[in-house]
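What follows is one structure encoded as structure tokens, with my remarks underneath.
The values are calculated or read from the model by the stated rules, or taken from the named source; none is laboratory data. Treat the numbers as computed from the prediction; the structure is a model and nothing was measured. Using ideal geometry, Cβ is built from the backbone for each residue, glycine included, and neighbour counts are taken over all protein chains shown.
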Amino acid sequence: MHESSLSLTARLRRHTMHALDRLRLGGLARELRGAVVRGLRPSRASRLRRYRREGGWPWTEGYAQHKQDLIVSALDSAALDAFGNGETPAGWGLGVDERCVEIPWLFARLRALAGTDCDRPARILDAGSALNYEAFVARPPLAAADLHIATLAPEPNCYWRRGISYLFADLRRLPVGDGWYDVVASVSTLEHVGFSNRDYGVVAEHEAGEAAVAIAELMRVLRPGGRLLVTVPFGLPHRFATQCVFDRDALDALSAAVGDAPRRVTFFRYDDAGWRGAHEAEAATAEFVPWIALPAAERRRTPPPRTADRAAAARAVACLEWRRPER
């Protein structure tokens, strides 16, 4: 990018970084560099203002903050339990990706399970690290749980001071004994198993059927009577370089790997009015936005599309709940 197209703040940051690099002061220079970056980074409030001022399009500056605020508003709402039954407020999540229904659905189900003596979550596995944010881990029931987060590689967010344990492992080969967890949750992760995960520092793969291998492993580490909570993008099937989109046949393959049909299946559908609960037949016609499935390097070279309905990624998701049979 030519320097003349950069903002004054960005140009100042670039020149300051170059000056600190020339100092070659080792650790001190790195500390100063980090301090400058933090000081010149736009504030959360300014990013949100810019997001709204420029039309509120997905994946633009401020979008991540807007999405998290929306999700948190659901988690703190008296209407949270409705998400567990596939119900959303009118106009919910217009222009926001599927996390705005997946995370509330998951918390609603966790809260329902916490209210029963036999299934009260104590040991919880987040298989895929979708919950690895302060706004989520600080809220019940996660705040009081023995939470483990399984991901391929270390991430910037790390909450070990909260007692959270991190497992850097492939979901198909977890370093955990049989029946350890009360609840295993996997939010929009299985669709990536067996595909290219170079963005996470892993060698590319293109192996069909690996999601079934992973879900069987998730069931292995779940105690008898425990619950497996899974969400995946749903609709017209497609295989991208980095992920796939599930259809009915793919969901059936998961059930076959688990050895049982799910106890609960909830579908959400996105259209130009936002996210809502839907029947499977409605969700089955949904088309995924291909841009988000591009490798990160390609996304940086290609601006995100501005679709007529403001879709960000999936236009439908399936939320599934299994119970591991008692011995």
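Structural remarks
- Of all residues making up segment 55-99, the number that are touching a Cys at 6+ places or on another chain (Cβ under 6 Å) and more than 18 Å from L110 (Cβ to Cβ): 2
- Some residue of segment 55-67 being crowded, with 16+ Cβ neighbours inside 10 Å, hydroxyl-bearing (S, T, Y), under 18 Å from the mean Cα position of the chain (by Cα) and part of a loop (DSSP other than H, G, I, E, B): yes
- Yes/no for L40 being at pLDDT below 95, surrounded by 13 or more Cβ atoms within 10 Å (Cβ to Cβ) and farther than 30 Å from R111 by Cα: yes
- Residues of segment 183-227 that are of a type in the set (D, E, K, R), more than 17 Å from the chain's Cα centre (by Cα) and at pLDDT 80 or above: E210, E217, R220, R223, R227.
- Reported count of residues in segment 122-150, each being of a type in the set (G, A, S), in a loop (DSSP other than H, G, I, E, B) and under 18 Å from the mean Cα position of the chain (by Cα), is 4.
- Of all the listed residues (L106, L94), the sole one being at pLDDT 95 or above, out of contact with any Phe, Trp or Tyr (no Cβ under 7 Å at 6 or more places or on another chain) and either assigned to a loop (DSSP other than H, G, I, E, B) or small (G, A, S) (or both) is L94.
- Of all residues making up segment 151-183, the number that are surrounded by 16 or more Cβ atoms within 10 Å (Cβ to Cβ) and outside any loop (DSSP other than H, G, I, E, B): 6
- Exactly one residue among W160, W180 is among the aromatic types (F, W, Y) and free of Cβ contacts under 8 Å to residues at least 24 places away in the same chain, and that residue is W160.
- If you check S46, S77, S73 for being assigned to a helix (DSSP H, G or I), at pLDDT 95 or above and among the hydroxyl-bearing types (S, T, Y), only one passes: S73.
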